[in-house]
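The values are calculated or read from the model by the stated rules, or taken from the named source; none is laboratory data. Bear in mind that the values here come from a model prediction, so they are computed numbers and not experimental data. With ideal geometry, Cβ positions are generated from the backbone for all residues, glycine too; neighbour counts draw on all protein chains shown.
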Amino acid sequence: MKKTSVIINAVLFIAIAVLYILFFTSKGKPATAVVPTYVSGDSTVKTLPIAYIDTDSLLKKYDFAIEENDKLQSKQESSRLTLAQKADEFQKDYVDFQKKLANHIYATEERAQQESQRLAKKQDDIRALETRLTEELYDQQQKINKQLKDSLSLVLKGYCAEKGFQLVFSNMMDDNILYAASDGYNATNDVAAILNARYKKKK
């Protein structure tokens, strides 16, 4: 994992370096894109046409992501309680079966075998239920991820066209962005506001 992180950061560094060279060596040539600027003191300082989004922060600000995460957590807890209840019932039945077997309660060996088979089927049913609930949670998570990705891609397309950004990085737990000279590179709040405005209209 550490090696992968180093490779990713190296690629990001090269990408930024290339953009830096292209931008500052293009003076005097026809501009092909609007370059965003920010004001520093009394002078206007040019910045690279890039931005980044703090993914963790965005998910905490985006109302849709918050609501869907709450639903997912609720379903996960419900599934956990259901499985725990089923497992507890099985355990009690199994202990009761062992006691009856040890005390020769069953009238015939056939009756004991029938009870053993019933318990085996009950255990299989619990395992099948666990698999189904796990798959349902996974499918729901994948559906949410796709909706998040689609909404973000749509918003970024318009946002970048308006701001003149040509590249947007995803930053998670400060793993990719080690240093930024200006907060102007951080588009998290802007994008979150646009996403929430779109989501509010759809509700």
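Restricting attention to region 103-140 and to residues that are in a helix (DSSP H, G or I) and of a type in the set (A, V, I, L, M), the residue that is farthest from residue 63 (Cα to Cα) turns out to be 112.
Per-residue answers, yes or no, for (1) surrounded by 11 or more Cβ atoms within 10 Å (Cβ to Cβ); (2) at pLDDT below 95; (3) among the hydroxyl-bearing types (Ser, Thr, Tyr):
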site: 48; (1), (2), (3): yes, yes, no
site: 57; (1), (2), (3): yes, yes, yes
site: 72; (1), (2), (3): yes, no, no
site: 97; (1), (2), (3): yes, no, no
site: 104; (1), (2), (3): no, yes, no
site: 118; (1), (2), (3): yes, no, no
site: 136; (1), (2), (3): yes, no, no
site: 139; (1), (2), (3): no, no, no
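Picking from residues in region 141-176 that are among the polar types (S, T, N, Q) and in a helix (DSSP H, G or I), the one that is surrounded by the most Cβ atoms within 10 Å (Cβ to Cβ) is 151. In the set 102, 112, 84, only one residue is free of Cβ contacts under 8 Å to residues at least 60 places away in the same chain, small (Gly, Ala, Ser) and closer than 19 Å to residue 130 by Cα; that residue is 84.
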